[in-house]
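The values are calculated or read from the model by the stated rules, or taken from the named source; none is laboratory data. Bear in mind the structure is a predicted one, so any value in this text is a computation, not a measurement. Neighbour counts run over all protein chains shown; Cβ positions are idealised from the backbone, glycine included. Keep in mind that these areas ignore ligands, DNA and RNA; they rest on the heavy atoms of the full protein, side chains included. Shrake-Rupley method; radii C 1.70, N 1.55, O 1.52, S 1.80 Å.
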Protein chains: 2
Amino acid sequence: MPGSGKGELSRLFQEKGVKVVVMSDVLRERYKAEAKEGERLMDFAFRMRNLYGKGVVAKMCLEKLSGDEKVVVFDGVRNWEEIEEFKKRGEVVIINVHASPKTRYERLMRRARKDDVLTIEGLIKRDFEELEMGIGTVIALADHVLVNDKSLEEFKREAEELINRLI
Amino acid sequence: MPGSGKGELSRLFQEKGVKVVVMSDVLRERYKAEAKEGERLMDFAFRMRNLYGKGVVAKMCLEKLSGDEKVVVFDGVRNWEEIEEFKKRGEVVIINVHASPKTRYERLMRRARKDDVLTIEGLIKRDFEELEMGIGTVIALADHVLVNDKSLEEFKREAEELINRLI
Ligand SMILES: Nc1ncnc2c1ncn2[C@@H]1O[C@H](COP(=O)(O)O)[C@@H](O)[C@H]1O
């Protein structure tokens with residue numbers, strides 16, 4: 001979920017030499033080329049899914065692989081159909097980085113750029129949009145959960161322990 | 001999710017003198033009185049929701065309170081509308097007891113009565129039925145996560161620490 005700190009986990013994987021595909025980057029590339037005027041990234045994603053199926057973003061990400069990666073991290077899975085796409089290509093391990101809504105909203109507020117007007121109501125609305133995409137199913141069926149509500153050091157320690165078990 | 005060990009958490013709350021309302025028990029009471037012949041508990045729950053709204057099981061559970069409880073545990077929330085019902089009555093803290101599907105399925109297989117024929121396919125199907133009820137949203141927005149994939153002792157220790165912070 002937004003603000004949980006999954007980017008930090010990706011960074012740690014990357015440090016270990018693991019290829020990371022940030023799904024929103026791949027989506028954004030396509031968005032720049034194909035979005036309608038004024039269309040938000042999230043609305044573009046909904047439209048792509050309606051056009052090409054709910055696993056479409058995973059398919060776009062799989063095209064970014066050379067084919068000889070042993071382990072790849074896909075950062076930003078949003079629904080179970082994406083997991084199904086990944087499963088066609090290899091073993092899938094789902095990691096959920098969890099933080100409470102309170103912690104996430106505080107982080108997002110702190111992290112906001114000066115010209116962002118973030119409100120709690122807006123963040124809650126965004127959470128429910130993410131959930132509508134189907135992310136709750138992926139979270140509920142995660143193989144590993146890292147709870148990121150303590151210090152960054154503690155999170156890193158737990159994340160590294162998990163990474164070492166997985167790669 | 002089924003087999004995560006949430007019942008164990010309820011038991012620990014109860015040991016501390018906290019009232020626990022097991023939502024499936026309340027549902028089952030009504031089921032015995034009103035279910036159609038051959039109707040499964042889960043299908044009865046779906047039907048009740050269609051008839052009386054998605055928060056109906058929470059409403060039924062709230063009727064079980066005397067009104068002077070300070071803290072109550074509702075064991076078995078399945079959707080966000082139930083959370084909304086509880087919020088009308090007081091502060092709500094959501095605890096997710098998480099275990100990986102692999103761990104849950106192993107536990108459920110081990111726990112099965114002799115005459116239960118549990119298959120992995122059947123358990124996966126049930127997971128997706130629970131998710132269809134909306135439990136993924138509640139899990140994604142949990143205030144606390146207890147990961148129950150280690151020893152029972154470790155789980156109890158973490159659970160007791162959380163309980164002491166909450167009551
Ligand atoms: N809040 C609820 N709403 C609807 N169905 C429920 C609820 N709680 C329990 N159930 C049903 O009861 C079964 C056992 O629930 P549990 O005791 O929580 O594992 C579930 O599989 C559901 O079919």
- Semi-axes (Å, rounded, descending) of the ellipsoid equivalent to the protein assembly as shown per its C-alpha gyration tensor are 34, 23, 23
- Task: Rank these by accessible area, largest first, 1.4 Å probe: B:Glu37, A:Glu130.
- Result: B:Glu37, A:Glu130
- Spin-label model distance (nm) - B:Val20 vs A:Arg107, 7 Å beyond Cα toward Cβ: 3.1
- What does the accessible area of A:Lys6 come to, in Å² to the nearest 10, when a probe of 1.4 Å is used? 80
- Axis proximity, chain A to B: residue whose C-beta lies nearest, plus whole-Å distance: A:Gly136, 1
- For chain B, with +1 on Lys and Arg beta carbons and -1 on Asp and Glu, the positive-most of B:Thr119, B:Gly38, B:Leu27 along the dipole: B:Gly38
- Item | Full-stretch length increase - B:Ser151, B:Asp115 - with 0.36 nm per residue and alpha-carbon distance subtracted | 10.2 nm
- Residues whose modelled amide H sits under 5 Å from the amide H of B:Val97, counting only those 5 or more places away in sequence or on another chain, are B:Leu146
- Distance between modelled label sites at B:Asn50 and A:Ala33, nm, 7 Å Cα→Cβ extension: 4.5
- Long-range amide H partners of A:Phe74, meaning residues 5 or more apart or on another chain whose placed amide H is closer than 5 Å, are A:Val21
- Of all alpha-carbon pairs in region A:9-57, indicate the percentage at a distance above 15 angstrom. 52
- Query: Tell me, what is the 1.4 Å probe accessible area of A:Ile95, in Å² to the nearest 10?
  - Reply: 50
- Task: Can you sort A:Glu8, B:Glu63, B:Glu34 by 1.4 Å-probe accessible area, starting with the largest?
- Result: B:Glu63, B:Glu34, A:Glu8
- When the Kirkwood radius is taken over all Cα pairs of chain A, what Stokes-Einstein diffusion coefficient follows at 25 °C and 0.890 mPa s, in µm²/s? 145
- Item | Span per principal axis, largest first, for the Cα atoms of region A:67-163 (Å) | 42, 32, 24
- Take peptide B:129-140, look around each residue's Cβ out to 10 angstrom, count Cβ atoms belonging to other protein chains, and average those counts. 5
- Message: Distances in nm, one decimal, shortest first, from B:Met109 to the same residue in every other copy, taking the label point 7 angstrom along Cα→Cβ.
- Response: 4.7
- Query: Helix-derived [θ] at 222 nm for the protein assembly as shown: sum -39500 (n - 2.57) over DSSP H runs of at least 4, divide by residue count, nearest 500?
  - Reply: -17000 deg cm²/dmol
- Computed FRET efficiency, Cβ-Cβ of A:Glu161 and B:Arg165, R0 35 Å: what is it to the nearest 0.05? 0.90
- Query: Counting alpha carbon pairs within less than 8 Å and at least 6 residues apart, what relative contact order, in whole percent, applies to chain A?
  - Reply: 31
- Note on the structure: Magnitude of the Cβ-charge dipole (Lys and Arg +1, Asp and Glu -1) of chain B about the Cα centre, nearest 20 debye, reported as 220
- Order the following by accessible area, largest value first: A:Leu51, B:Leu9. Probe radius 1.4 Å; ligands, DNA and RNA are ignored. A:Leu51, B:Leu9
